[in-house]
4 protein chains.
Amino acid sequence: MMIIIMQPQATMAEKSAVIAWAEDAGQQVHLSEGNERMVIGLVGSGRLPIPEQIESMPGVERVVPVTRPYKLASRDFKPNNTHFPLGEHVVGDKEIVIMAGPCSVESRSQILETAHACREAGAHILRGGAFKPRSSPYSFQGLGEEALQYLAEAREQTGLPIITEVMEPALVPLVCEYADILQIGTRNMQNYALLHAVGKSQFPVLLKRGMSSTIEEWLMCAEYILSHGNTRVMLCERGIRTFEQYTRNTFDINAVAVAKHLSHLPVIADPSHATGKWEYVAPAAKASIAAGADGLIIEVHMQPETALSDGAQSLKPEKFARLIKEMKAIAEAVDRELK
Amino acid sequence: MMIIIMQPQATMAEKSAVIAWAEDAGQQVHLSEGNERMVIGLVGSGRLPIPEQIESMPGVERVVPVTRPYKLASRDFKPNNTHFPLGEHVVGDKEIVIMAGPCSVESRSQILETAHACREAGAHILRGGAFKPRSSPYSFQGLGEEALQYLAEAREQTGLPIITEVMEPALVPLVCEYADILQIGTRNMQNYALLHAVGKSQFPVLLKRGMSSTIEEWLMCAEYILSHGNTRVMLCERGIRTFEQYTRNTFDINAVAVAKHLSHLPVIADPSHATGKWEYVAPAAKASIAAGADGLIIEVHMQPETALSDGAQSLKPEKFARLIKEMKAIAEAVDRELK
Amino acid sequence: MMIIIMQPQATMAEKSAVIAWAEDAGQQVHLSEGNERMVIGLVGSGRLPIPEQIESMPGVERVVPVTRPYKLASRDFKPNNTHFPLGEHVVGDKEIVIMAGPCSVESRSQILETAHACREAGAHILRGGAFKPRSSPYSFQGLGEEALQYLAEAREQTGLPIITEVMEPALVPLVCEYADILQIGTRNMQNYALLHAVGKSQFPVLLKRGMSSTIEEWLMCAEYILSHGNTRVMLCERGIRTFEQYTRNTFDINAVAVAKHLSHLPVIADPSHATGKWEYVAPAAKASIAAGADGLIIEVHMQPETALSDGAQSLKPEKFARLIKEMKAIAEAVDRELK
Amino acid sequence: MMIIIMQPQATMAEKSAVIAWAEDAGQQVHLSEGNERMVIGLVGSGRLPIPEQIESMPGVERVVPVTRPYKLASRDFKPNNTHFPLGEHVVGDKEIVIMAGPCSVESRSQILETAHACREAGAHILRGGAFKPRSSPYSFQGLGEEALQYLAEAREQTGLPIITEVMEPALVPLVCEYADILQIGTRNMQNYALLHAVGKSQFPVLLKRGMSSTIEEWLMCAEYILSHGNTRVMLCERGIRTFEQYTRNTFDINAVAVAKHLSHLPVIADPSHATGKWEYVAPAAKASIAAGADGLIIEVHMQPETALSDGAQSLKPEKFARLIKEMKAIAEAVDRELK
């Protein structure tokens, strides 16, 4: 279903050409003639015409698609919340699920120590980067498979399931050997080959929103994963780029409620990237729960001043433990549970 | 205090010219010579050089100001929270202050009826537009002074103090005859003549953030008002423009915590404009309190489908009353009071 | 003319309510029922319904206005280019009109000297700020009426007409005593009281685009001025705010062609603000003419390193003179004239 | 080289900790003490400290890196323009190189016919998509290897070298079997695994700027490719995302001059994506050359109204031929050659 708005000065021949074209494409055509403009509505069962084709026809001003472009990700398709277990917890239902850990796995001792600290503070899932997307080729790029092995060892010791980022299709099988949940980073949201690969893996996926993407584009990327029958997709709002310089990103808190409204998928907030400074992580985390998030992913580091990445936005374990308590109070106030 | 970064290929003559220029301006000069570049630090008591002048000098790459440009608005200047009474309530301290009412005053009966409904639901202050900034000259522009008279009558009947927008310097005296608090709208944040006028009025001012402004620019506009000795300024985050189309604006929830951190002024959130759709107002309002806002301004309309402006983002009184209850729970969870 | 897209799950009662509401508003209603959604087209002669009212009705997904909101500014209303004389030159026709001068008038000798230099280099109109909108209340705010007197003296000596910014409605009569063309700055594009005042003045107006405004919003502001019967309006593209940090603004070169396509008004480019650095002014200026601009406004300063504002983006007279020659070559290549 | 700005209220102990930390990292430390703040300059030969680590230390306000993060891509590293042959033409020197062809290869006859038309009109290189990044998984995704074979056949018939997009590391060898130049699309600018792969290939690469990326981020991605010793990199400005809705993207014409100023690499403009509408392609193309671009990549389609992608922004061959003539005139006006 699609609406074509003709230019005021469109000729009869131009209008007829558009109508003929649409009928050829198997569409039923509805005409509305105003004082100035003709509007042509397409309602049909034939193959969907491509908006840009129509926009290139003479006399056409613009084309307005009526139907949302995502299907499997939408509440129209599946009205009830999607929920699924992650370790001993369930995401997408009443519980608030907490993922925590360092930005990067830096050493065996670092990740083991942090894993225990996170577990004690109340985290449910351990995060840690093995492969790191860095804006400079000269920056630390992650320990790779070695990091995956340390993460697996941390899981063994603490019982926490592991989430880690995968950056290229060829590495999905390797990461799946070690991890429980795959993370797609903000720079790779529209890396379609990667989306196909994690879709096929059938592993749970945390899909971060692109840093300048709209919610619609984000849901379209979830659609890529869902189209492989992989229904365990979590949407992660991690802040978008704006003109503001005092924070690393702007946390689009609206996106939590909007994504919950339009989609049945669980929505996770990342207050660490969404602010970029540890002193703003706690207010953002509490706001996320108040706004309806199903979980959070938070960077925790034993010594942020020695972190090889993202030190400025990492919480020390004691601050993280205090935040967990504050979040519990908010969770209760909105009738959710943080176990 | 200011840092000048020279280009790698800057000549000795270019460096000397900058140094001489800075010393002429009464600045003490500190030099740091790296492998590639020279950095010139200015520390001084003379008149502050203008960054753009220096940037126009040959060999200069860029200039980094060290000192924040706002003074009276900063916590460095005044470490403790500014708080002051608005009617029977105090803003900037432990209380959460609620301002509510229609976007525009449309008629005497409309504003009187809404005022009573807002008061019953728990609002502390009545909002209502008399002069409306509209993107089209053909749209409803507000009832003007007539609206101010109705607002005054509503105050008399309900006891609620009045907040209303003033759009031009020449009208400040008129608006001050009727209103208790002056509102500067987002399009007028950098209308400096208006900022001077409301500064001189000595009335409490709610300063909305410009829809594409940084927090620093916002604080600089507060500085304009404060520079007239008018210390009763409230900062209002009302959403910024981003690429997102599913909401009217993007609520910069980070800005609440950042503004509280950098400034001593009270911070108010406007979840109605920050979302633009009534169904997202409640999550945004709750998130505001969780993030540390000192108050909210919320659009309430008896019949949004007949509103002459902003109907889509207005709450009906019964929804507003329910929201007040939900906000109370959040306020308690963060150790604040909503009376 | 307007299109209402209903939600897929909208009930029959909700659809009927919208239809009844539209008919009450005097609109003819066209229905298109797709597989998933109903689309309701309004074609009518009654009072135009307000989109936001409809969006607040249950079951409505979104509203798409069909008609462009600007009228007098559009080519639909006036197909041929608007052109009018400015001094001895005509803007909006075949000629490229060049406005040049300092950002601020700083002293009598400065403006007189610069005026002569600009005239010799080939400028047609003299610019110079008397009232300056500054982001800090502590910055130089302009010399005010004194500057206007110096500008008038410069006109007397050189014959160049004067363009200068006016920042508040109350000062329009004063500025009109001295200036030939009024400039509305980027921060005041939506200062509606000011737009009304310059509209009533019947003076030629240069309307700068707001730094984060869309072309549609810009044309709506031109509409405010045109609605007073003042047809001598020039649109000025001066760069928009983006994430780019290496330039002060991002020059939206597309806006030149788009504004010429949608509107009959002359379009002027401001390569000084659009780049913010003198070394990028020349490429931007030449690109403007290649893209179809009707004129340029360029900052020229005798000694940029002493300028009280915008030094970094000002050309010295000799660079400006060289640029004029380069622009002449481009003007010829696109069949325009730079006299 | 790096500058650390301390908070005004930083304690002596906090300052000492930062200084000790920097010295441990092998940095020489320069102190500047102002009235309010201490500024610590690091000049050194030891391992570069990570800004985020320092920002996480108590008392630190912010960290300003002095050195630009890109090296191989910068003019500081290589002052003269990089130029290299593409078929019979040389990019990066005096010539303007024109790449043209359809967005997608749709069939053998389509690409052969278009290739001949482009050659006759004056194009130097043939573009055509074999693998297409589409926002919807339900859209046409390209003909894949079949398209590569058709492109090779078109090259054989016309002599035009081939440029085509590669979307995943594993496909680089396949694409290199057929193509002459590899294109990295806007969504993959920060797909680091892909950048490494095309770097290793030693094929010429056209690197499109990410649609919300800064020029610095773009140069950092070129750095990834250059770090493999692959010096044949072209930067392509293809428009950035802004709030403007009348065009698909905003053409950042400044980026052409800025990239030429900061880097020695050739800069190509893509006026088709930078505008998104065929009627604005010609002004944007002419502006590119006036601003200093070394080449253009333009979408040409025999019948845009049947194109499977990007029809709205494609030129018909006769319009393209006319544009070539207009561009020649501009090229001469700026002392360049379009053969």
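Looking at the range B:290-322, which of its residues are modelled with pLDDT of 95 or more, surrounded by 24 or more Cβ atoms within 10 Å (Cβ to Cβ) and outside any loop (DSSP other than H, G, I, E, B)?
The answer is B:ALA290, B:ALA291, B:GLY295, B:LEU296, B:ILE297, B:ILE298, B:GLU299, B:VAL300, B:LEU315, B:PHE320.
Report, by residue number, each residue of the range A:93-117 that is closer than 15 Å to A:ALA154 by Cα and either more than 27 Å from the chain's Cα centre (by Cα) or open to solvent by 10 Å² or more (accessible area, probe 1.4 Å) (or both).
A:GLU106, A:SER107, A:ARG108, A:SER109, A:GLN110, A:LEU112, A:GLU113, A:HIS116, A:ALA117
For the range A:220-240, indicate whether the set of residues that are modelled with pLDDT of 95 or more, in a helix (DSSP H, G or I), more than 13 Å from chain D (Cβ to nearest Cβ) and buried (at least 24 other Cβ atoms within 10 Å of the Cβ) is non-empty. Don't jump to the end; show me each part of the working.
Filtering the range A:220-240 down to residues modelled with pLDDT of 95 or more leaves A:220-240.
Narrowing the set further to residues that are in a helix (DSSP H, G or I) leaves A:220-226.
From the residues that got through so far, the ones that are more than 13 Å from chain D (Cβ to nearest Cβ) too are none.
There is no residue in the range A:220-240 that is modelled with pLDDT of 95 or more, in a helix (DSSP H, G or I), more than 13 Å from chain D (Cβ to nearest Cβ) and buried (at least 24 other Cβ atoms within 10 Å of the Cβ).
Give the residues of the range C:242-260 that are within 7 Å of another protein chain (Cβ to nearest Cβ) and either modelled with pLDDT under 95 or not in a helix (DSSP H, G or I) (or both), sorted by residue number.
Scanning the range C:242-260 gives C:THR242, C:PHE243, C:GLU244, C:GLN245, C:TYR246, C:THR247, C:THR250, C:PHE251, C:ASP252.
Among the residues of the range B:320-335, write down those that are more than 10 Å from every other protein chain (Cβ to nearest Cβ) and touching a helix residue (DSSP H, G or I) at 6+ places or on another chain (Cβ under 7 Å).
Within the range B:320-335, B:PHE320, B:ALA321, B:LEU323, B:ILE324 qualify.
Provide a single number: the residues in the range C:150-195 that are touching a residue at least 60 places away in the same chain (Cβ under 8 Å) and either open to solvent by 10 Å² or more (accessible area, probe 1.4 Å) or closer than 22 Å to B:ALA197 by Cβ (or both).
Of the residues in that region, 4 qualify.
State the number of residues belonging to the range D:32-60 that are crowded, with 17+ Cβ neighbours inside 10 Å and more than 11 Å from chain A (Cβ to nearest Cβ).
11
With respect to the numbered conditions (1) in a strand (DSSP E or B); (2) more than 11 Å from every other protein chain (Cβ to nearest Cβ); (3) open to solvent by 50 Å² or more (accessible area, probe 1.4 Å), which one is the sole condition not fulfilled by C:VAL90?
Every condition holds for C:VAL90 apart from (3).
In this structure, does C:PRO85 turn out to be surrounded by fewer than 19 Cβ atoms within 10 Å (Cβ to Cβ) and under 18 Å from A:GLU36 (Cβ atoms)?
no
Filter the range A:168-185 down to the residues that are more than 9 Å from chain D (Cβ to nearest Cβ) and either under 12 Å from D:GLU168 (Cα atoms) or in a helix (DSSP H, G or I) (or both) and list them by number.
A:VAL172, A:PRO173, A:LEU174, A:VAL175, A:CYS176, A:GLU177, A:TYR178
Quick one: D:ALA282 ticks every box in (1) open to solvent by 20 Å² or more (accessible area, probe 1.4 Å); (2) modelled with pLDDT of 95 or more; (3) within 8 Å of another protein chain (Cβ to nearest Cβ) bar one, so which box is it?
Going through the list (1) open to solvent by 20 Å² or more (accessible area, probe 1.4 Å); (2) modelled with pLDDT of 95 or more; (3) within 8 Å of another protein chain (Cβ to nearest Cβ), D:ALA282 breaks only (3).
Output the residue which, of all residues in the range D:44-65 that are within 11 Å of A:ALA307 (Cβ to Cβ) and of a type in the set (Asp, Glu), is modelled with the highest pLDDT.
The qualifying residue modelled with the highest pLDDT is D:GLU55.
Condition test on C:ARG68, is it within 14 Å of chain B (Cβ to nearest Cβ) and more than 30 Å from B:LYS319 (Cα to Cα)?
Yes.
Kindly evaluate C:ALA269 against the criterion of being more than 12 Å from chain B (Cβ to nearest Cβ) and more than 26 Å from C:SER104 (Cα to Cα).
So C:ALA269 fails the test.
So, in the range B:285-312, how many residues would count as being more than 14 Å from chain C (Cβ to nearest Cβ) and not hydrophobic (A, V, I, L, M, F, W, C)?
5
Yes or no, residue by residue, for (1) at negative phi; (2) out of contact with any Lys or Arg (no Cβ under 8 Å at 6 or more places or on another chain); (3) aromatic (Phe, Trp, Tyr):
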residue: D:ALA73; (1), (2), (3): yes, yes, no
residue: D:PHE77; (1), (2), (3): yes, no, yes
residue: D:PHE84; (1), (2), (3): yes, no, yes
residue: D:GLY87; (1), (2), (3): no, yes, no
residue: D:GLY92; (1), (2), (3): no, yes, no
residue: D:ALA117; (1), (2), (3): yes, yes, no
residue: D:GLU120; (1), (2), (3): yes, yes, no
residue: D:LEU126; (1), (2), (3): yes, no, no
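Within the range C:9-24, how many residues turn out to be open to solvent by 30 Å² or more (accessible area, probe 1.4 Å) and part of a helix (DSSP H, G or I)? First the steps, then the outcome.
Filtering the range C:9-24 for residues open to solvent by 30 Å² or more (accessible area, probe 1.4 Å) gives C:9, C:11-14, C:16-17, C:19-21, C:23-24.
From what's left, part of a helix (DSSP H, G or I): C:12-14, C:16-17, C:19-21, C:23-24.
So the count comes out to 10.
From the list B:GLU244, B:GLU299, which one is among the acidic types (Asp, Glu) and in contact (Cβ under 8 Å) with a residue 24 or more places away in the chain?
Every option except B:GLU299 fails the conditions.
Starting from residues that are touching a Leu at 6+ places or on another chain (Cβ under 8 Å) and part of a helix (DSSP H, G or I), keep the ones in the range A:118-133 and report whichever is most open to solvent (accessible area, probe 1.4 Å).
Looking at residues that are touching a Leu at 6+ places or on another chain (Cβ under 8 Å) and part of a helix (DSSP H, G or I), I get A:ARG119.
Considering only the range A:28-62, how many residues are more than 35 Å from the chain's Cα centre (by Cα) and either part of a strand (DSSP E or B) or in contact (Cβ under 8 Å) with a residue 24 or more places away in the chain (or both)?
The total comes to 15.
Which residues, counting only those in the range B:261-279, are in a helix (DSSP H, G or I) and either open to solvent by less than 10 Å² (accessible area, probe 1.4 Å) or touching a Pro at 6+ places or on another chain (Cβ under 6 Å) (or both)?
B:PRO271, B:SER272, B:ALA274, B:THR275
Among the residues of the range C:61-78, which ones are under 20 Å from C:CYS221 (Cβ atoms), open to solvent by less than 30 Å² (accessible area, probe 1.4 Å) and not polar (S, T, N, Q)?
Answer for the range C:61-78, where residues must be under 20 Å from C:CYS221 (Cβ atoms), open to solvent by less than 30 Å² (accessible area, probe 1.4 Å) and not polar (S, T, N, Q): C:TYR70, C:ALA73.
Any residue at all in the range C:203-214 that is more than 8 Å from chain B (Cβ to nearest Cβ), more than 12 Å from the chain's Cα centre (by Cα) and open to solvent by 20 Å² or more (accessible area, probe 1.4 Å)?
yes
The rows are residues; the columns are (1) under 14 Å from the mean Cα position of the chain (by Cα); (2) polar (S, T, N, Q).
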site: D:GLY185; (1), (2): yes, no
site: D:HIS228; (1), (2): no, no
site: D:VAL233; (1), (2): yes, no
site: D:ILE240; (1), (2): yes, no
site: D:ALA257; (1), (2): yes, no
site: D:SER263; (1), (2): yes, yes
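The values are calculated or read from the model by the stated rules, or taken from the named source; none is laboratory data. In this text the structure is predicted, and so the values were computed from the model without any measurement. Glycine gets a Cβ as well: all are built from the backbone with ideal geometry, and neighbour counts include every protein chain shown. Side chains included, ligands, DNA and RNA excluded: accessible areas come from the protein's heavy atoms. Shrake-Rupley method; radii C 1.70, N 1.55, O 1.52, S 1.80 Å.
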